[in-house]
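See below for the structure under consideration.
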Amino acid sequence: MYRAWKQLEEYSLLLIIGAVCALAWANLSPVSYHALIEFPIWQNAYIGDLQRAPAGTAARVVTVHFLVNDVLMALFFALAGKEVWEAVALRNGALRGKKALTPLFATAGGMLGPIIIYLTGVAAVGQMNQLAGGWAIPTATDIAFSYLVGRAIFGARHPAVTFLLLLAIADDAAGLLILAVFYPQGDLAPGWLLLSAVTALAAYLVANRLPRMLDAGRPGMPFTTAVRKHLSFWPYAAAGAISWYGFHQAGIHPALGLLPIIPAIPHSDIEFGLFAEIEKLQTDLLNVIEHALKGPVQVVLFLFGLANAGVEFSTIGAPTLLVASALMIGKPLGIALPGWVAAGPLGFGLPSGMNYRDLIVLGCVAAIGFTVSLFVASVAFPTGEIQDAAKMGALLSFAAAGISFIMARLLSVEKKS
């Protein structure tokens, strides 16, 4: 049983299972599927989606969809945010210094390319007013699935795999910023963000900085040890809940609400990189929390797939083609061309052992949008046929995996196991 769970966890298979179940359910019995996803768990709540009654009054309602997308997915984005913060803030972070310049150029192109393809397609079909808001859907790269496909193509020791992870982490950072800035949930009230900022600062000072100051010159760090032993992660969990509420009230997607707390949690100044085996041996509190959350987050991803991938095949339309083509055409071109400019004419170079053919194939791998693309589709468009059609385009980005294998064979990419 343990070995089966590790397989499910390592390959994010629960997300795929949830998506497949949702697709089957929504097409076999759409009424029962949507009845469950929109089931009101808590009416007249302090949190939730605003729903208007026939009389014109509005009240907040916590539905299954809200619970999954706005509450539970905060754990997923916290794990993604942890990797971004490590890569940017720590001394040996992957996105610091000259080594990150070519991946950053490729990331920028890999986001701009799909946007251009998408908006050009929207203009061509003459539906700018209806569809232009989905421009950010094809900008995402699914870290887990792109990593697994990249390893299968290049091998575990190929520098292209590291390059791909750098690109995906930078992509996630930009994606989080896009969600916060361009897709507010309701009326903006940025003053509430002060609650998140003050809470994060208080957690850092009281549970992190103050014990270390009291330990100055004391052997064994008694205050820090006592706080870690008796309080553990609870101060940060409480701060996270308050920060989440601040984001919710501010009108910014609350799934991002745990991000301000991440820098407040104790962390050693070492970063081995996403999916590095040695990360499992880290005992600082931030890594301990990450390891504890990985299993539950896989369950969250199953629920996310179940709650968001339930689209009927009859809804396939223009948004489907626009999102899928923007990912599978715009991503590879957007990554390969700016990556070549950065590595060649600008002189930043590629990692030793990696060539331009690898860069082209890597661009195809990065076109797998899936998780974050589904999430952005759910906030870019209101519930209905357009949203469902856009989600189908995100699901179809899985075809990029097959395209990647074909391109790797055509370009004779060398596998380094």
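Each reported figure results from applying straightforward, stated rules to the coordinates on display, with no laboratory input. Being a predicted model, the structure only gives us computed values, none of them experimental. Positions of Cβ are generated from backbone atoms using ideal geometry, with glycine treated the same way; all protein chains shown enter the neighbour counts.
Can you list residues whose amide H is under 5 Å from THR63's amide H, if they're 5+ apart or on another chain and H is modeled 1.01 Å from N?
Placed amide hydrogens put ILE41, ASP49 under 5 Å from THR63.
Say R0 is 60 Å: what FRET efficiency, to the nearest 0.05, do VAL299 and LEU214 get from their beta-carbon distance? Please list the in-between numbers first.
Values: r = 39 Å, r/R0 = 0.65.
Calculated value: 0.95.
With label points built 7 Å along Cα→Cβ from the Cα atoms of PHE39 and SER314, find their separation and express it in nm.
2.4
Taking 0.36 nm per residue of sequence separation and subtracting the Cα-Cα distance, how much length would be gained by fully extending the chain between LEU321 and ASN355, in nm to one decimal? Don't skip to the end; give the middle numbers.
Details: separation 34, 0.36 × 34 = 12.24 nm, distance 3.13 nm.
Gain on stretching LEU321 to ASN355: 9.1 nm.
Roughly speaking, what is the stretch gain from SER412 to VAL288, that is 0.36 nm per residue apart minus the C-alpha to C-alpha distance, in nm to one decimal? Intermediate results must be reported in sequence, preceding the final value.
On the way: separation 124, 0.36 × 124 = 44.64 nm, distance 4.11 nm.
Stretched fully, the SER412-VAL288 segment lengthens by 40.5 nm.
Of PRO219, PRO296, PRO254, which is the most mobile in a GNM of the chain whose springs link Cα atoms less than 10 angstrom apart?
Looking only at PRO219, PRO296, PRO254, the biggest GNM fluctuation is shown by PRO219.
Sorted by packing (mean other beta-carbon atoms within 10 Å per residue), highest first, where do 340-350, 311-321, 256-266 land? Working shown, then result.
Details: 340-350: 15.5, 311-321: 18.4, 256-266: 23.4.
Most protected by this proxy first, the peptides run 256-266, 311-321, 340-350.
Pull out the extension gain between ALA123 and SER32, defined as 0.36 nm times the separation in residues minus the alpha carbon to alpha carbon distance; nm, one decimal. Before the final figure, lay out each step's value.
Working: separation 91, 0.36 × 91 = 32.76 nm, distance 3.64 nm.
Full extension of this stretch gives 29.1 nm more.
What is the spin-label model distance, in nm, from VAL341 to SER232 if the labels are put 7 Å beyond Cα along the C-beta direction?
5.1
Rounded to the nearest 0.05, what FRET efficiency do THR383 and THR225 have when you use their Cβ-Cβ distance and R0 = 51 Å? Walk me through the intermediate numbers first.
Details: r = 50 Å, r/R0 = 0.98.
Using R0 = 51 Å, I get an efficiency of 0.55.
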